[in-house]
Each structure stands twice: as structure tokens, then as C-alpha cells.
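Trainee: Structure incoming, see below.
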Amino acid sequence: MTVVISMLRGVNVGGHNKIKMDALRALYVSLKFDNVATFIQSGNVVFRTKERELGKVGKRIGDGIEKSFGFRPEVILRTVEEMRGVIARNPFAARKDVEPNKLLVWFLAAEPDAEARTKALAVKADPEELHIIGREVFIYFVHGMARPKLSMPAVERALKVSGTGRNWNSVQKLLAMAEKLEV
């Protein structure tokens, strides 16, 4: 069975697209996923599935949420191996000054092309630092995420690919949860 990390975009943010985590777990169980566990209130779900094609898994989840809750969030999926790769590719890993709660990984639905990557990197980011590696955007918010200078909507428009962000602590916790499901 494949262990999958599912991250939903825009769930329980600012009072919109509300889903209680027990209801979300129940939905994933009804979709025939096993060992379903959620993490915090922002639509993070770890589970096991017999389905190997993640595109089909994402569609089932999106369809299920739309039918059950009346909206369709972007569903971003990563396997355990893919999440390990995200952690291994962290461009800030060797720096002692980087605080994990100020490091965001923006998980993209697809890998942007070279032109889109160039345009996204041209978006004014200072003092934030931005790196695009594969299907992830790593952003370090030097002064925290509350009042960033970097415009994530501008970056996303340039990339022409939607995504969802998780701070570094959440990334590590999701991987740890997923690794516990590996057999």
C-alpha cells in the first residue's frame, strides 16, 4: 500500500471552507483509504491506499469534499518518498539562522516550466528569500509570515500553478506521521 500525505488548500482559513477534522477523517475512510489521520485544522491528512495513481486519488478526494461539503479545494498529494525529497532539498538546511516557523514550503500541483520559474523568481522578495526546486517553493520569511513583503499571489500567478503552503514544522510532522504508516 502507498502512504500518502494530502494537503488541502484554503480549508478552515479565515472562517471559509470549514471542515471539522473528524468529518474529514470520516470522508477519507468512506473513500476506502486506510489508517487515516489528520494534523491540525488546515486540511492535512495522512493515509494508506491501494491506488498507485495519485491523480485518481486526488480526484476522488476533491469529488468527495465537493459532494460532502459543497466546495472543492485544491488537493495536493505527496508520497512519503516525495516528502523525504522535499526535506532533503531544503536550500536553508545548512543555515543556523533559519527558524523553522518562518520557513514555508509551498507545495505545487505541478512543476512549473522554466519561463514561469524565471518570472516567479523576478517577483520582488526582499527581505524574504525564495527558492524553487521541482514542485516546491521554499520561502524564508526573515521577519515572520504576519506581514510579508513578498506577494504569494504574484508568485503563484507567475508560476501558473496553484499550490498550498505549510511551515517547516508542519512539513516535518506530516512526514513523521506518514513514516509511522509505512510497513
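The values are calculated or read from the model by the stated rules, or taken from the named source; none is laboratory data. Just so it is clear, the structure is predicted and the values come from calculations on it, not from any experiment. Quick reminder, even Gly has a Cβ in these numbers, built from the backbone with ideal geometry, and neighbours come from all protein chains shown.
Trainee: Restricting attention to segment 28-53, which residues are hydrophobic (A, V, I, L, M, F, W, C) and either within 10 Å of Ser6 (Cα to Cα) or modelled with pLDDT of 95 or more (or both)? Step through it out loud before you land on a result.
Mentor: Keep residues of segment 28-53 that are hydrophobic (A, V, I, L, M, F, W, C), which gives 29, 31, 33, 36-37, 39-40, 45-47.
Scanning segment 28-53 gives Val29, Leu31, Phe33, Val36, Ala37, Val45, Val46, Phe47.
Trainee: Mind checking which residues of segment 2-23 are within 25 Å of Ala110 (Cβ to Cβ), touching a residue at least 40 places away in the same chain (Cβ under 8 Å) and of a type in the set (A, V, I, L, M)?
Mentor: Restricting attention to segment 2-23, the residues satisfying the condition of being within 25 Å of Ala110 (Cβ to Cβ) are 2-13, 16-17, 19.
From the residues that got through so far, the ones that are touching a residue at least 40 places away in the same chain (Cβ under 8 Å) too are 2-11, 17, 19.
Matches in segment 2-23: Val3, Val4, Ile5, Met7, Leu8, Val11, Ile19.
Trainee: Tell me the residue from Lys59, Lys32 that is more than 24 Å from Val161 (Cβ to Cβ) and either touching a strand residue (DSSP E or B) at 6+ places or on another chain (Cβ under 8 Å) or not assigned by TED's automatic domain parsing to the domain that holds Ala109 (or both), please.
Mentor: Working: Lys59 fails: more than 24 Å from Val161 (Cβ to Cβ).
Every option except Lys32 fails the conditions.
Trainee: Which condition from (1) among the polar types (S, T, N, Q); (2) farther than 19 Å from Val105 by Cβ; (3) surrounded by fewer than 16 Cβ atoms within 10 Å (Cβ to Cβ) is the one that Thr79 breaks?
Mentor: Status for Thr79: all satisfied but (2).
Trainee: Looking at Asp113, Asp126 in this structure, which one is under 27 Å from Lys59 (Cβ atoms), surrounded by fewer than 16 Cβ atoms within 10 Å (Cβ to Cβ) and not polar (S, T, N, Q)? Break it down stepwise before answering.
Mentor: Details: Asp126 fails: under 27 Å from Lys59 (Cβ atoms).
The match here is Asp113.
Trainee: Residues in segment 151-164 that are surrounded by 19 or more Cβ atoms within 10 Å (Cβ to Cβ) and farther than 19 Å from Glu115 by Cβ: how many?
Mentor: Total meeting the criteria: 1.
Trainee: I would also like to ask the following. Would you mind stating whether Ala88 is under 28 Å from Met145 (Cβ atoms), among the small types (Gly, Ala, Ser), loosely packed, with under 13 Cβ neighbours inside 10 Å and modelled with pLDDT of 95 or more? Give the derivation first.
Mentor: Details: under 28 Å from Met145 (Cβ atoms): yes; among the small types (Gly, Ala, Ser): yes; loosely packed, with under 13 Cβ neighbours inside 10 Å: yes; modelled with pLDDT of 95 or more: yes.
Yes; evaluated as a whole, the condition is true for this residue.
Trainee: Here's a follow-up. Give the residue, chosen from Val171, Val137, that is within 30 Å of Lys50 (Cβ to Cβ) and buried (at least 19 other Cβ atoms within 10 Å of the Cβ). Let's see the steps before the verdict.
Mentor: On the way: Val137 fails: within 30 Å of Lys50 (Cβ to Cβ).
Going through Val171, Val137 in turn, just one is within 30 Å of Lys50 (Cβ to Cβ) and buried (at least 19 other Cβ atoms within 10 Å of the Cβ): Val171.
Trainee: Something else: Condition check: touching a helix residue (DSSP H, G or I) at 6+ places or on another chain (Cβ under 7 Å) and farther than 18 Å from Arg25 by Cβ. Does Pro91 satisfy that?
Mentor: Working: touching a helix residue (DSSP H, G or I) at 6+ places or on another chain (Cβ under 7 Å): no; farther than 18 Å from Arg25 by Cβ: yes.
So Pro91 does not fit the description; no.
Trainee: Could you check segment 49-83 and list, in sequence order, the residues that are in a strand (DSSP E or B) and within 17 Å of the chain's Cα centre (by Cα)?
Mentor: At the first step, the residues of segment 49-83 found to be in a strand (DSSP E or B) are 49, 75-79.
Across segment 49-83, the qualifying residues are Val75, Ile76, Leu77, Arg78, Thr79.
Trainee: Hey, among Arg147, Arg78, Arg95, which residue is charged (D, E, K, R) and modelled with pLDDT of 95 or more?
Mentor: Details: Arg147 fails: modelled with pLDDT of 95 or more; Arg95 fails: modelled with pLDDT of 95 or more.
After applying the criteria, what remains is Arg78.
Trainee: Related question: Quick one: how many residues across segment 5-46 are farther than 16 Å from Asp63 by Cβ and part of a strand (DSSP E or B)?
Mentor: 12
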